Amino acid sequence: MQQFTYTIQDPLGIHARPAGMLTTAAKPFADTTITIAKGDKAVKMTQLMRLLSLGVKTGDTVTVTAEGPAEEEALAAIKALFEKNL
(Lines give C-alpha, C1' and ligand atoms only; values in the text may rest on other atoms or scores of the structure.)
Protein backbone atom coordinates (compact mmCIF):
# COMPACT_ATOMS: atom_id res chain seq x y z
CA MET A 1 0.00 0.00 0.00
CA GLN A 2 1.25 3.45 -0.94
CA GLN A 3 -0.26 6.86 -0.33
CA PHE A 4 0.22 10.61 -0.59
CA THR A 5 -1.51 13.64 0.90
CA TYR A 6 -2.44 16.76 -1.00
CA THR A 7 -3.91 20.12 -0.03
CA ILE A 8 -6.48 21.30 -2.57
CA GLN A 9 -5.58 24.60 -4.27
CA ASP A 10 -8.46 24.87 -6.76
CA PRO A 11 -10.79 27.73 -5.71
CA LEU A 12 -13.83 25.46 -6.21
CA GLY A 13 -12.37 22.35 -4.57
CA ILE A 14 -13.16 18.98 -6.13
CA HIS A 15 -16.21 19.76 -8.24
CA ALA A 16 -17.72 17.87 -11.19
CA ARG A 17 -14.99 18.46 -13.78
CA PRO A 18 -11.94 17.43 -11.72
CA ALA A 19 -13.92 14.62 -10.07
CA GLY A 20 -14.66 13.23 -13.53
CA MET A 21 -11.00 13.54 -14.46
CA LEU A 22 -9.96 11.68 -11.29
CA THR A 23 -12.48 8.92 -11.92
CA THR A 24 -11.31 8.54 -15.52
CA ALA A 25 -7.65 8.47 -14.45
CA ALA A 26 -8.34 5.71 -11.91
CA LYS A 27 -10.26 3.38 -14.25
CA PRO A 28 -7.24 1.96 -16.16
CA PHE A 29 -5.96 0.60 -12.83
CA ALA A 30 -8.91 -1.77 -12.28
CA ASP A 31 -6.71 -4.32 -10.49
CA THR A 32 -5.59 -1.68 -7.97
CA THR A 33 -7.90 -0.17 -5.37
CA ILE A 34 -7.49 3.61 -5.26
CA THR A 35 -9.24 5.50 -2.48
CA ILE A 36 -9.44 9.15 -1.52
CA ALA A 37 -10.09 10.20 2.07
CA LYS A 38 -11.05 13.45 3.70
CA GLY A 39 -11.09 13.23 7.47
CA ASP A 40 -12.62 9.92 8.45
CA LYS A 41 -14.55 9.43 5.18
CA ALA A 42 -12.97 7.44 2.35
CA VAL A 43 -14.36 6.43 -1.04
CA LYS A 44 -13.11 4.57 -4.08
CA MET A 45 -11.87 7.01 -6.67
CA THR A 46 -13.83 5.25 -9.42
CA GLN A 47 -17.16 6.20 -7.80
CA LEU A 48 -17.92 9.69 -9.09
CA MET A 49 -20.97 10.54 -6.98
CA ARG A 50 -19.38 9.26 -3.76
CA LEU A 51 -16.24 11.26 -4.58
CA LEU A 52 -18.33 14.41 -4.95
CA SER A 53 -20.14 13.61 -1.68
CA LEU A 54 -16.88 14.11 0.23
CA GLY A 55 -17.39 17.86 -0.24
CA VAL A 56 -13.69 18.65 -0.69
CA LYS A 57 -13.13 22.42 -0.67
CA THR A 58 -10.14 24.72 -1.15
CA GLY A 59 -7.58 24.21 1.60
CA ASP A 60 -8.83 20.72 2.54
CA THR A 61 -6.20 18.00 2.76
CA VAL A 62 -6.99 14.65 1.22
CA THR A 63 -5.14 11.34 1.36
CA VAL A 64 -4.97 9.16 -1.73
CA THR A 65 -4.16 5.50 -1.18
CA ALA A 66 -3.49 2.75 -3.73
CA GLU A 67 -3.30 -0.94 -3.00
CA GLY A 68 -2.63 -3.57 -5.63
CA PRO A 69 -0.19 -4.62 -8.34
CA ALA A 70 -0.08 -1.22 -10.09
CA GLU A 71 -0.14 1.00 -7.02
CA GLU A 72 3.05 2.90 -7.86
CA GLU A 73 1.95 3.73 -11.42
CA ALA A 74 -1.58 4.58 -10.27
CA LEU A 75 -0.39 7.00 -7.60
CA ALA A 76 2.04 8.66 -10.00
CA ALA A 77 -0.78 9.27 -12.52
CA ILE A 78 -3.23 10.52 -9.88
CA LYS A 79 -0.65 12.74 -8.18
CA ALA A 80 0.27 14.36 -11.52
CA LEU A 81 -3.42 15.07 -12.13
CA PHE A 82 -3.80 16.64 -8.67
CA GLU A 83 -0.75 18.86 -9.17
CA LYS A 84 -1.88 20.02 -12.61
CA ASN A 85 -5.61 20.51 -11.96
CA LEU A 86 -6.28 20.84 -8.24
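The values are calculated or read from the model by the stated rules, or taken from the named source; none is laboratory data. All of these numbers come straight from a predicted model, not from anything done at the bench. In this analysis, Cβ positions are derived from the backbone assuming ideal geometry, glycine residues included, and neighbour counts consider all displayed protein chains.
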Residues being surrounded by fewer than 14 Cβ atoms within 10 Å (Cβ to Cβ) and of a type outside the set (A, V, I, L, M, F, W, C): count how many of those fall in the range 48-57.
-> 2
Name every residue in the range 37-86 that is under 12 Å from residue 22 (Cα atoms) and of a type in the set (S, T, N, Q), in order of residue number.
-> 46, 47, 85
Mind listing whichever residues of the range 44-76 are under 10 Å from the mean Cα position of the chain (by Cα), within 21 Å of residue 9 (Cβ to Cβ) and of a type outside the set (Ser, Thr, Tyr)?
-> 45, 51, 62, 64, 75
Taking into account only those residues within the range 58-69 that are out of contact with any Leu (no Cβ under 8 Å at 6 or more places or on another chain) and surrounded by fewer than 16 Cβ atoms within 10 Å (Cβ to Cβ), which is modelled with the lowest pLDDT?
-> 68
May I ask you to list the residues in the range 51-86 that are aliphatic (A, V, I, L, M), in a helix (DSSP H, G or I) and touching a residue at least 60 places away in the same chain (Cβ under 8 Å)?
-> 75, 81
For the range 4-47, how many residues are surrounded by fewer than 17 Cβ atoms within 10 Å (Cβ to Cβ), without any contact (Cβ under 8 Å) to a residue 60 or more places away in the chain and either assigned to a loop (DSSP other than H, G, I, E, B) or not small (Gly, Ala, Ser) (or both)?
-> 16
Scan the range 70-86 for residues that are over 17 Å from residue 2 (Cα atoms) and loosely packed, with under 13 Cβ neighbours inside 10 Å and report the count.
-> 2
